[in-house]
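Chemist: Once you've had a glance at the structure underneath, I'll fire off some questions.
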Amino acid sequence: MSTQRFLTGITTSGTPHLGNYVGSIRPSVQASRRADVESFYFLADYHALIKIDEPARIQRSTLEIAASWLAAGLDPERVVFYRQSDVPEIPELTWFLTCVIGKGVLNRAHAYKAAVDKNTAAGTDPDSDVTAGLFMYPVLMGADILMFNAHQVPVGRDQIQHIEMARDMAHSFNHRYGEHFVPPEAAIDEHVATLPGLDGRKMSKSYDNTIPLFASRAELKKLIGGIVTDSKAPQEPKSTEGSALFQIYQAFASTQETAAMRQAYADGIAWGDAKQLVFERIDQEIAPMREAYLALINNPAKIEAILRAGATRARAIATPFMGRLRHAVGLRDLSAQDNARAAKTGKVAKPLFKQYRESDGQFYFKLVGTDGTLLLQSLGFESPKDAGQAIGLLQKQGAAALPELSAKLQAIDPASVALVNAALQGMLEAD
Ligand code: TRP
């Protein structure tokens, strides 16, 4: 089984609530424990600037979200856990992608369109109060994903369009400059619930109906007491259909517990008693994390150190990759002019196999074209010998070896198949 790279970010614009926990934090921590998954999780603080102009709130939210992820069990040794703004290659890549994505594609982005529609309905200028940051949001998000060539991006349904745009950017860039990016896919987990909030609508900061993930026990009890119900009296049978309380319970309870609650509804449990059960069930899961959270939040220097260590690991990948991308687009060291040298010596550079080890401890190789473009990129091998054998096969058989090796190679963009074939053919002939 080949390793899949998962990557996801949370915008640092607020205090994490139960909806964030159930929809994003809890499943991402679970995924990070899978042996076949390599995870990149980050705090999207550049994204926060689009929505928020209160510096203290961004700082506080960054601390709270980092502490929540860690308290929920994220192991920063196992996962590359970092803060977006610690990786300057991301805004640099944003510019490269800005120059390959059509403006018309961004015109169609949901968030931007919603703002324009609202202005149009109000009879104001369509772009009134719309920053260029909001317009560019999908490009920044594309850079987040493509910087680490993530295969899978676990997100909510509202983000699918952004992943499609990231694919679009990957294809456009690859088409112009050679095979550099893996087109990512949205990973939508059918089992992950969208949590209703206090008023029954989706739990969301914008509806002001949230339950903070790490509310105190007393506060949690009080908030759960405020979840809307109908006005059925004790003893009267109650419907689970459309019951926000029931849905929230279900997101925390086992199948058996959920079945028992369904029965209690049918048997006419009083709302007050049902709320008490929901409160205790949620608190059972949250209480141990709450302690860890409070300890972390009171030790911001520790979180800062964890994030900086994560950024070092992220940049161990991003810096060399960005170097290859800069070269690919023509931002090059002038003293190392390949063409000038070739012109002088009459020798033409040949495509090259390069073998290397990455911070995940695995061994990789890639085939780099004469102009530095990435033609083939392997996935991780257990040993340098395994990687060497795959290279040997390609050197001996050329493109004929590709189907056999497909499980160990990143997908080749259809637009560059011809380039890869030509390079391998050229190597065969040169021998
Ligand atoms: N836009 C995402 C949200 O608001 C957060 C985010 C930023 C993200 N960059 C990302 C998610 C990259 C996944 C991958 O939820």
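The values are calculated or read from the model by the stated rules, or taken from the named source; none is laboratory data. Small disclaimer: the values here were computed from a predicted structure and weren't measured. Every residue, glycine as well, gets a Cβ built from its backbone with ideal geometry; the counts of neighbours run over all protein chains shown. Just so you know, the surface numbers come from the protein's heavy atoms only, side chains and all, with ligands and any DNA or RNA stripped out. Shrake-Rupley method; radii C 1.70, N 1.55, O 1.52, S 1.80 Å.
Chemist: For the range 245-253, in order, what is each residue's ³J(HN,Hα) by Karplus, 6.51 cos²θ - 1.76 cosθ + 1.60 with θ = phi - 60°, in whole Hz (x at glycine and Pro)?
Modeler: Karplus-based 3J(HN,Hα) across the range 245-253 equals 4, 5, 5, 5, 4, 4, 5, 10, 8 Hz.
Chemist: Report the label-to-label distance for A114 and R332 in nanometres (one decimal), using points 7 Å from each Cα along the Cα→Cβ vector.
Modeler: Result for the modelled spin labels: 4.5 nm.
Chemist: If amide H atoms are built 1.01 Å from N in the plane of the peptide, which residues on other chains or at least 5 residues away come under 5 Å of the amide H of L375?
Modeler: Residues meeting the criterion, in which the H sits 1.01 Å from N, are L367, V368, G369.
Chemist: To continue, here is another question. Under a GNM of the chain (C-alpha, springs under 10 Å), which listed residue has the highest mean-square fluctuation: G19, G272, G310?
Modeler: Highest fluctuation of the listed residues: G272.
Chemist: I would also like to ask the following. Averaging the inverse of every distinct alpha carbon separation and then flipping it gives the Kirkwood radius. What is it for the chain, in angstrom units? Can you show the working numbers first?
Modeler: Details: mean 1/r = 0.0410 Å⁻¹.
Across the chain, the inverse of the average 1/r is 24.4 Å.
Chemist: With +1 on the Cβ of every Lys and Arg and -1 on the Cβ of every Asp and Glu, and nothing else charged, how large is the dipole of the chain about its Cα centre, in debye rounded to the nearest 20?
Modeler: Working: 45 positive and 48 negative charges, 169 e Å.
Roughly 800 debye for the chain.
Chemist: Which order do S335, S416 take when ranked by solvent-accessible area (1.4 Å probe, heavy atoms of all protein chains), largest first? Write down the numbers at each step before the final one.
Modeler: On the way: S335 110, S416 5 Å².
Listed by decreasing accessible area, they come as S335, S416.
Chemist: Can you name the helices of the chain, as whole DSSP H runs, whose Cα span along the helix axis is 15 Å or more and whose Kyte-Doolittle mean is not below 0.0?
Modeler: On the way: long enough: 55-71 (24 Å, 0.18); 110-121 (16 Å, -0.72); 132-146 (21 Å, 1.54); 160-177 (26 Å, -0.86); 255-266 (17 Å, -0.72); 271-297 (36 Å, -0.02); 300-329 (40 Å, 0.20); 384-397 (20 Å, -0.61); 417-430 (20 Å, 1.29).
Taking the DSSP H segments of the chain (at least 15 Å long, mean hydropathy at least 0.0), we get 55-71, 132-146, 300-329, 417-430.
Chemist: Quick check: Cα centre of the range 62-92 to Cα centre of the range 17-53, how many Å?
Modeler: After rounding, the separation between the Cα centres reads 8 Å.
Chemist: Then there's this: Keeping every protein chain in place, order K366, K396 by accessible area at 1.4 Å, biggest value first, i.e. largest first. Please report the intermediate quantities before stating the final value.
Modeler: Working: K366 15, K396 155 Å².
Greatest to least solvent exposure: K396, K366.
Chemist: So if I take the alpha carbon set of the range 39-159, get Rg, then get Rh from the Kirkwood formula, what is the Rg over Rh ratio? Write out the running numbers ahead of the final one.
Modeler: Working: Rg = 16.2 Å, Rh = 16.1 Å.
With Rg and the Kirkwood Rh in hand, the quotient comes to 1.00.
Chemist: Have a look at I224, F365, Q410 and report the one farthest towards the positive end of the charge dipole of the chain, computed about the Cα centre with Cβ charges (Lys/Arg +1, Asp/Glu -1).
Modeler: F365
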